[in-house]
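> There's a structure below that I have some questions on.
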Amino acid sequence: MSDLFVQAAELMLAGMGVVFVFLIVLTGAVALLTQLCPVDAAATPTTSAPPATASQSSAEDGSQAKKLAAIAVAVQRYRKAQSPDSSHKE
């Protein structure tokens, strides 16, 4: 039984050693790549959305207002249905 534990410990240490060495190599490779290929912050593209035209923004505002109105109506109906003094319950 003790022999089995020794083999398990050896296997565990070997696996942990392989992972440790792999992480060291990976860290070194990333550091080497950052040295070889520096990225200029001014040259990187921005991830912001392109500017919207006036017609697009007004259409988006209108659809946003419609969504908010629909949500408000749904909340009112839900509260009315949940109120204890309502005549019908679902």
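The values are calculated or read from the model by the stated rules, or taken from the named source; none is laboratory data. Keep in mind it's a predicted model, so treat the numbers as computed, not measured. Cβ coordinates were reconstructed from backbone atoms using ideal geometry, including for glycine residues, and neighbour counts include every protein chain displayed.
> So PHE5 fits all but one of (1) loosely packed, with under 10 Cβ neighbours inside 10 Å; (2) modelled with pLDDT under 80; what number is the exception?
Against the list (1) loosely packed, with under 10 Cβ neighbours inside 10 Å; (2) modelled with pLDDT under 80, PHE5 comes up short only on (2).
> Moving to a separate point now. Tally up the residues in segment 34-68 that are hydrophobic (A, V, I, L, M, F, W, C), in a helix (DSSP H, G or I) and modelled with pLDDT of 65 or more, please.
4
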